[in-house]
Every structure is written in structure tokens, then in C-alpha cells.
Amino acid sequence: MSWRSCFYFLRAAHKTLYTLQEQLGLLGRSGIRPSSTMAQTVTPILSVLPTRGLVDEKFKVALENLPPRFPVTLHSLHQSEDKDYWEAFGYYVSDDRGRVTVSQDASLGGTYTGAEPMGLLWSMRPVPGSRTGLRLRKMDVQSPMVVLISAYKGHVFEGFREQPPMASAVTERWYMAPGVQRIDIRERGVKGTIFIPQGPGPFPGVLDMWGGGGGLVEYRSALLASHGFVSLALDYLSPKVAVADDQSLVYFEKAFNIIQQHPQVIKDRVGICGLCLGASVTLNVAAYSESVSPRCCVCISGSHVLPAAKSLSYVINDGYKHMDKLLVDEQNRMVWRHAILPITTNPDEKLDMGRIKCPLLLVNGDDDQSKATVESAEDIAKMMRAAGNEHLLTTLNYHDAGHLIEPPYTPHFRASNFIIQHLQQKVLVLWGGKTKPHADAQEDSWQKILSFLREHLYPCPSSSIPQAKL
Amino acid sequence: VTVTPILSVLPTRGLVDEKFKVALENLPPRFPVTLHSLHQSEDKDYWEAFGYYVSDDRGRVTVSQDASLGGTYTGAEPMGLLWSMRPVPGSRTGLRLRKMDVQSPMVVLISAYKGHVFEGFREQPPMASAVTERWYMAPGVQRIDIRERGVKGTIFIPQGPGPFPGVLDMWGGGGGLVEYRSALLASHGFVSMALDYLSFETFKTHNECLSYFEKVFSIIQQHPQVIKDRVGICGLSLGATVTLTMAAYCKSISPRCCVCISGSHVFPSGVSFAEVFQFKEMDMGKARLDEQKRVIWRDMILPIPTDPQRKVAMGRIKCPLLLVNGDDDQNWATVESAEDMAKMMRAAGNDHLLTTLTYHDAGHLIEPPYTPHFRASNFIVQHSKQKVVMLWGGQTKPHADAQEDSWEKILAFLRQHLYPCPSSSLPQAKL
């Protein structure tokens with residue numbers, strides 16, 4: 001080989017090597033100054049689809065146009081109605097094509113790990129420095145939850161506010177689908193909010209009740225209406241609500257009738273859904289009401305242990321009579337679980353489950369620290385077996401889920417501040433549950449609750465045989 | 001037994017270019033239904049589409065998978081309920097559906113009717129209905145009015161810290177300030193400026209014209225969130241001609257890439273670019289009327305002139321160029337123009353920069369996907385203020401497919417050339 005051809009060979013080889021180096025992004029490290037056309041800044045493209053979703057809709061978060069094998073942190077930020085900040089984050093490394101696909105890739109750390117499409121929502125917790133005992137709830141359902149999703153360089157666990165992200169996207173999470181109507185109910189002494197699905201109807205109905213925390217909590221009802229049920233969120237604990245001592249069922253029967261009588265509701269397709277104290281009310285109505293018959297019932301984190309056919313205020317006060325049985329843990333959190341343990345054998349102290357005439361779905365977490373729901377469910381099954389109506393019962397037990405099993409993708413909190421309604425006392429209550437299993441329980445149970453309600457409340461066109469099991 | 005189906009549309013609120021899933025369940029098995037869409041435009045006209053389905057053995061209809069047996073669209077068409085919309089019977093004629101206010105969504109009512117119905121949707125109640133919103137702006141996108149230095153437009157800025165690439169976005173000879181494509185581009189990560197370039201005094205000279213567009217381009221470049229050397233231009237129809245002119249002749253600005261939809265490099269009027277906006281010397285003699293008295297402008301630049309003075313010097317183009325055309329374009333001879341552009345660029349040695357997409361049976365108005373096609377519509381000829389019915393061309397289904405496919409390719413092209421690619425600095429000319 002002559003010197004000349006050698007020279008050309010070397011020059012060509014160098015060119016190739018240079019190009020290769022460019023392609024491997026090594027130029028910076030090798031100290032060669034990049035040309036003005038080469039990007040120094042990393043400008044990834046972050047997408048969230050859908051950009052506006054229902055609270056129970058899954059989204060797809062993806063990053064592209066990253067360098068290959070580039071570490072990034074995906075971060076979510078939300079400011080609650082109470083003005084507190086909540087955040088979640090996951091650590092990712094881009095693939096060889098410079099992409100991160102949250103629904104498929106595994107998070108290597110952060111507030112959630114593994115392949116978790118919705119981890120950026122359900123693993124949220126208050127940002128460092130926040131007030132304690134917070135709970136995230138949307139009270140105004142006519143506006144969306146706004147979440148800011150951002151991508152940061154590297155694996156970051158703090159200081160998100162101090163550094164600019166590489167990219168960010170805003171997504172809205174709605175409790176109300178477009179076309180759902182919201183109507184205040186203040187009639188016959190009943191206080192609540194009705195949500196009516198889009199469409200001519202007629203629709204099945206659901207009476208929806210929350211727990212002992214009181215107030216008018218609308219978001220589950222709004223979501224139920226977004227899925228085709230006329231739903232009434234009922235306030236039954238506010239001081240102004242007229243729940244007379246000896247006529248506690250009347251208030252609920254009136255609420256039930258309001259739904260039935262709505263022109264867009266199928267009268268014989270109205271069910272009841274309750275959580276915690278609301279679940280106890282549900283069982284009470286289903287077992288003892290002489291004037292209303294729910295078509296089916298859903299009881300989340302509830303119990304049948306309470307004095308039968310006694311007034312509601314008695315029930316609430318009765319619950320706090322056994323304060324000596326109530327534990328306070330080492331962090332001064334109230335553990336109310338043991339209040340009804342062991343489950344009483346005295347039939348006067350619990351609802352007669354043999355009187356249940358409709359399909360019943362129980363949803364419980366086995367790490368419920370607030371109420372002995374799993375033990376209650378076992379006793380309910382025993383009672384119904386003895387009475388011969390056990391075929392109506394379906395129980396879902398979620399391992400390591402806590403008390404507050406809510407619609408999916410909203411955060412879990414093992415404990416939070418709670419005001420005991422009638423005593424106006426503020427305490428910190430332990431609800432229980434571990435974040436990931438609790439999030440899974442919320443996702444799975446919501447699907448099953450919707451299926452259960454559809455099955456029993458939507459007239460099935462091809463068969464008229466009532467089906468009791470899920 | 002009342003039939004109470006459950007109708008769902010997911011997502012309930014989507015971007016205009018997002019696909020949705022429409023499904024019906026809880027029907028009796030093998031039950032005939034009509035799925036119907038209804039939209040009231042900003043002009044208060046009603047648009048509708050419908051498809052005929054039969055539920056499966058489980059009583060379900062899944063629009064994204066099942067075939068429509070008739071209606072305004074047939075076959076398995078997930079988005080047919082949107083792109084096959086047309087004005088309801090009894091509407092005014094020559095309508096065109098365009099969203100001028102991009103800060104509110106297009107609201108579409110999807111309904112399910114018993115049986116296979118082709119009329120009287122307003123007179124009978126549906127079995128079920130759902131409302132869906134279609135947005136041009138993603139949450140977080142900002143909209144800013146631009147009224148500076150004699151320039152009239154709107155800038156849309158994506159959510160995020162940036163910096164972002166930029167796009168100058170221009171519509172056609174219909175004039176006005178049309179924002180929706182820009183809003184959508186910003187929803188996809190580009191700072192985008194919609195420009196109204198026809199509403200003011202005409203330019204006196206070619207240079208005046210060029211410096212105006214250079215000014216506009218630099219407004220985008222100078223935005224603090226824009227990457228200065230990553231600004232491209234997108235134009236449709238007359239806007240495409242402006243795009244090519246800027247790319248070829250502007251001295252102080254250089255677009256990083258250009259997208260020309262249904263455009264031509266042939267100056268419609270003759271010599272001066274400034275006169276393009278006046279259509280002054282346009283050879284109207286070659287405009288035809290079809291049997292329905294609709295105006296066909298297709299032949300006005302045919303045959304493609306050989307005189308280089310009458311067309312943009314394509315050899316001067318220095319950046320990647322994407323042409324998007326429909327071969328049933330009755331308004332402008334875009335396919336023939338594209339062939340001539342290729343020839344000119346081949347001769348000049350820069351045809352490696354050119355990519356041409358030609359869509360069979362698509363018409364002139366190739367817009368972002370899932371909005372209706374109209375073979376003709378009312379049009380006001382800018383300068384003479386004459387009101388005509390303009391024939392755009394295209395057959396509905398192929399045109400809808402063209403809109404869907406071209407939009408994906410336009411976005412990919414813009415991303416490829418305007419988003420700094422972290423792993424390679426070799427400029428890539430082909431798509």
C-alpha cells in the first residue's frame with residue numbers, strides 16, 4: 001500500500017470513527033467541541049394520553065427523543081383544594097431508542113416501583129414539609145383534578161421545585177363525564193346531590209353514602225353517574241340534617257324514594273352503596289325497611305354489628321361508648337378496629353342478616369385498622385348460611401388493603417385527621433393498608449362494583465333470571 | 001322488555017386527533033342498532049353521521065372493531081362517526097366545518113337508536129347517548145394574541161419549560177386568522193404561530209413582501225421558549241406557496257424544514273410574489289364551472305409553465321421539504337406542480353431534500369384528522385369579494401384516510417427535523 005492510499009484509508013477511518021463517536025454521544029466526554037447543529041440540551045417529548053380523562057380511566061405517559069439509556073425521573077404534582085401539594089415520582093432509564101413508556105417499563109425506585117401505568121397517581125403523598133394527617137379528596141366535582149406530570153434528568157428524590165424539568169405536561173382528571181348533570185337536593189328534609197347520566201334514560205339508581213366523617217361527599221356518585229347510574233350522594237350526618245332519634249330509617253327511605261320517583265329512574269332498579277358507617281346504614285335499610293327494597297347492595301368496609309333497628313345517633317354514640325377498648329398506637333393514632341371484637345353472638349347487638357333479600361357485595365381490606373370488617377364479613381356469611389340466604393352474598397377481601405377503599409388511582413393514606421362528628425373532636429385515625437396493595441384493591445374493587453351494579457340494576461335483555469353471584 | 005344499553009365513549013374528552021372508542025353493551029344479541037353522531041357548529045348548523053351495526057352474541061357493539069353495514073360510512077371505522085359527518089337534511093348549502101374558537105371543545109353527541117335508521121333522528125328518542133368533547137388545545141397550552149410590528153397572528157405555546165421548536169403556520173386564500181392547526185401543533189410540543197397574512201394592505205414590492213414574512217418568522221425565533229435554529233414553516237394552499245417563497249428567497253431567515261399541503265410553486269398571478277395576494281393578473285379565463293356551477297380552479301396553472309419567472313426557484317431550497325397532495329384536488333394542480341418541483345430540484349441537485357406524499361382520491365383541503373370532508377363549499381374570493389361555491393375535490397373515505405395518515409407523517413417529519421435528536425447530528429433529508 002502506498003503512502004497516498006494509506007493516508008486516504010486513515011482519513012476515511014478517522015471520519016468513520018468521528019461519526020461513530022457522534023452517534024454514541026461521546027463527543028462531549030472526549031472534549032471535542034460539538035458543532036452548532038448538535039443538540040446539547042436534551043429536549044424530550046412528554047405525552048399523556050388521554051390529556052383529559054375520567055378519574056378511573058387509565059392514562060399512558062410516555063417520553064421520547066431522549067438519549068438512549070438515559071436516567072430520568074417522572075414526577076407528578078397536584079395542588080389539592082386545601083392548597084396542599086401532593087407528589088409522586090418514579091425512576092426510569094430510556095431504552096435504546098430513547099423512549100420511556102410508563103405503562104410498560106419498570107420504575108426502579110421512587111414512590112412506586114415496577115411496571116405501574118398509574119403509579120404517578122396512586123402513590124402520591126404530601127410533599128415534604130406539608131401539614132400532617134392529610135387526606136386527598138375532591139369536594140368540587142364540577143372541575144377536574146389538575147395534575148402536572150414532569151420529566152427530570154437523572155434520578156431525583158427531592159428539590160423538584162428548585163430545578164426546571166426537561167419537559168412537562170398537564171393532565172385533567174374528571175369525576176363528571178361531559179353531559180352528566182348535577183342537581184342539589186333539598187327536599188322533605190333530605191340533603192344531598194343527585195347526578196344524572198347523559199341520555200334519555202331511563203337509568204337505574206344508586207343511593208350513595210359515605211362514612212362517619214360526615215358531610216356531603218359527591219365524587220363517587222359523580223363517577224357512578226358517568227357510568228350510567230342516577231346517583232344520590234346523601235348527607236346524613238350534618239348537624240342540620242333532620243335525622244330524628246327514633247326514626248332513623250325514615251330519612252333513608254325518603255332519600256331512596258327521591259331516587260325512585262325521578263322521572264329518569266327505573267323504579268325497581270335502585271340499589272344502595274355505602275362505605276363504613278354508610279355500609280352499616282345500607283345493611284340496616286336492606287334488612288329492616290318495610291317500605292323500600294333495594295335491588296342490590298354494595299357495602300365497602302362495613303359491618304353488621306350495631307344495635308338492630310336503633311336510631312342512627314344512638315349507633316354513632318354507641319360506637320364511642322367503648323372508648324376503653326380503643327387503642328392508640330405509638331404515633332397517637334386511633335385504632336378503632338377492636339371496638340366490635342370479638343364479634344358478638346348476641347343477636348340483639350347485630351343486624352339480622354337473615355332478613356337480607358337482595359344480592360349483597362361486601363368489599364373489605366384485611367389490614368383495616370378502623371373496623372373489624374373481615375371478621376364481620378365472616379359472621380355475616382355464617383348468619384346467612386344459617387338463614388338460607390347465603391346465595392345472595394359475595395365477599396371480596398383484599399390483602400393489605402385498608403379501610404378507605406375508594407375509586408381507583410387516588411392516593412392511599414395509612415392514617416389521616418378525622419373529626420368525630422358528635423363530639424367535635426379532632427383525632428388522627430389509623431385506616432391501615434399498604435400503598436401498593438391498597439391501590440390494587442381500589443382498582444380491582446371498583447371494576448367489580450361497577451360490574452355488580454350493572455348486572456343487577458341494568459335490565460338484562462337476554463335473560464330474566466336474577467343472578468345473585470358476581 | 002325495555003332495551004337499556006350502556007353506551008360508552010373513551011376518552012370522554014379527547015384531542016381532535018385522538019382516536020376514541022365507542023361501545024355499546026347490554027343489548028339483546030343480534031340486535032340492529034344505529035350509532036349516530038350530532039354536532040352543532042359555531043355557525044349553528046347541525047352536522048351528523050351514522051353507522052348501522054348488529055350486536056354480537058353477547059349483545060355488544062364495538063365500533064373500533066365491528067363493521068358498519070351502512071349509513072354515512074361502512075366497514076370497520078373507529079372514527080367514522082366524526083369524519084363522515086355532513087350537514088343534516090334541510091341545512092344551508094356549501095357549508096364547511098371549522099372551529100374558530102379553539103379555547104372551547106367541539107361537543108359531539110353520540111347516540112344509539114333501535115334498528116337501522118337513516119332519518120328522523122330528532123323525532124325519536126335514542127336508546128342511549130353520550131357526550132364527548134374534542135379539543136384542539138391540550139391542557140396547559142397557552143394562547144397569546146400577537147399584534148406587533150404590523151403582524152397579526154396567534155401564538156400557541158406548549159406546556160412545559162421548553163425550549164421548543166417553532167412552526168409558522170399559514171392557511172390559504174380564504175383569509176382570516178385560522179388557529180386550529182397551530183393549537184394542535186402546540187399540543188404536540190411545537191411553539192406555533194397562526195398567521196393572518198391577507199387582511200391588510202397589499203404589498204407594493206416583492207421585497208416588502210419578503211421582509212414582512214421575515215419579520216413574522218423572527219417573532220417566533222425570538223420567543224424566549226423557542227430554539228432559534230429549529231423553526232419550520234407549514235402552509236396549506238396559498239400558504240404553501242408563501243412557504244416555498246420564503247424558503248427560496250428570504251435572506252435573513254432560514255426555515256429548518258417546510259411542509260407544503262396542497263400547494264404549488266407556480267405563482268398564480270404571474271410575475272410578482274406581491275401580486276400573488278391580489279390575484280390581480282390571474283388568468284381567470286381558465287377557471288371552469290362544473291355542472292353544478294361549482295368553481296374549478298385546477299386548470300389555472302396548467303400546463304405548468306416552463307418560464308422560471310413564473311415559479312419559485314426550487315433549486316434554491318436548502319432545507320427538507322415535505323409535500324402533501326391529493327390527486328383529486330380540483331382547486332389547484334398540486335400533483336402536477338409536485339412533479340415539476342421534483343424535476344427542478346433534480347436538475348439543481350437538491351432533490352434529496354424532497355419528500356412527496358400523494359393521496360389517491362383526496363381533495364384540496366387536507367386538514368388534521370377526523371373532521372368532515374366536503375367536496376365543495378362556499379368561498380369568498382378575497383380580492384373581488386365574490387361569493388362562489390368552490391370545488392375542492394376528494395371522495396370522503398379516501399380523504400379522511402389521507403387526513404389521518406398525512407397528519408401522522410407531518411408530525412413525524414416536524415419532530416424529526418425540529419426536535420434536536422440526542423443521538424445523532426447527521427441531518428436527515430428523507431422522511
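The values are calculated or read from the model by the stated rules, or taken from the named source; none is laboratory data. Everything quoted here is computed from the prediction, not taken from an experiment. Note: ideal-geometry Cβ built from the backbone for every residue, glycine included; neighbour counts use all protein chains shown.
All of B:LEU15, B:LEU10, B:LEU27 fail the test of being without any contact (Cβ under 8 Å) to a residue 24 or more places away in the chain and within 11 Å of chain A (Cβ to nearest Cβ), apart from B:LEU10. The residues on offer are B:LEU414, B:LEU322, and the sole one that is within 14 Å of chain A (Cβ to nearest Cβ) and modelled with pLDDT of 95 or more is B:LEU414. Here A:ARG186 passes the criteria (1) assigned by the TED database to the domain that holds A:THR101; (2) modelled with pLDDT under 95; (3) part of a strand (DSSP E or B) except the one numbered (1).
Condition (residue is surrounded by fewer than 24 Cβ atoms within 10 Å (Cβ to Cβ), within 14 Å of chain A (Cβ to nearest Cβ) and part of a strand (DSSP E or B)) applied to segment B:165-174: is it met by at least one residue? No; the residues of segment B:165-174 include none that is surrounded by fewer than 24 Cβ atoms within 10 Å (Cβ to Cβ), within 14 Å of chain A (Cβ to nearest Cβ) and part of a strand (DSSP E or B).
Filtering segment B:117-142 to residues that are part of a loop (DSSP other than H, G, I, E, B) and polar (S, T, N, Q) leaves only B:GLN124. Considering only residues in segment B:93-143 that are more than 14 Å from chain A (Cβ to nearest Cβ), over 21 Å from the mean Cα position of the chain (by Cα) and crowded, with 16+ Cβ neighbours inside 10 Å, the one that is farthest from B:ALA376 (Cα to Cα) turns out to be B:HIS116.
On inspection, A:GLY192 does not qualify as within 25 Å of A:SER221 (Cα to Cα), assigned to a loop (DSSP other than H, G, I, E, B) and more than 21 Å from the chain's Cα centre (by Cα).
Against the numbered list (1) in a loop (DSSP other than H, G, I, E, B); (2) under 27 Å from A:PRO202 (Cα atoms); (3) more than 12 Å from chain A (Cβ to nearest Cβ), B:PRO89 comes up short only at (2). Could you please let me know if A:VAL42 is within 12 Å of another protein chain (Cβ to nearest Cβ) and either surrounded by fewer than 19 Cβ atoms within 10 Å (Cβ to Cβ) or touching a Gly at 6+ places or on another chain (Cβ under 6 Å) (or both)? Here the answer is yes, as A:VAL42 does meet what is asked.
B:PRO308 passes every criterion in (1) farther than 15 Å from B:GLY394 by Cβ; (2) modelled with pLDDT of 95 or more apart from (2). A:TRP86 - would you say it is at pLDDT below 95 and not assigned by the TED database to the domain that holds A:PRO411? No.
Only one of these is crowded, with 24+ Cβ neighbours inside 10 Å and at pLDDT 90 or above: B:THR241, B:THR245. Name it.
After ruling out the rest, the residue left standing is B:THR241.
Here is the figure for segment B:307-325: residues that are more than 21 Å from B:SER262 (Cβ to Cβ) and touching a Leu at 6+ places or on another chain (Cβ under 8 Å) total 1.
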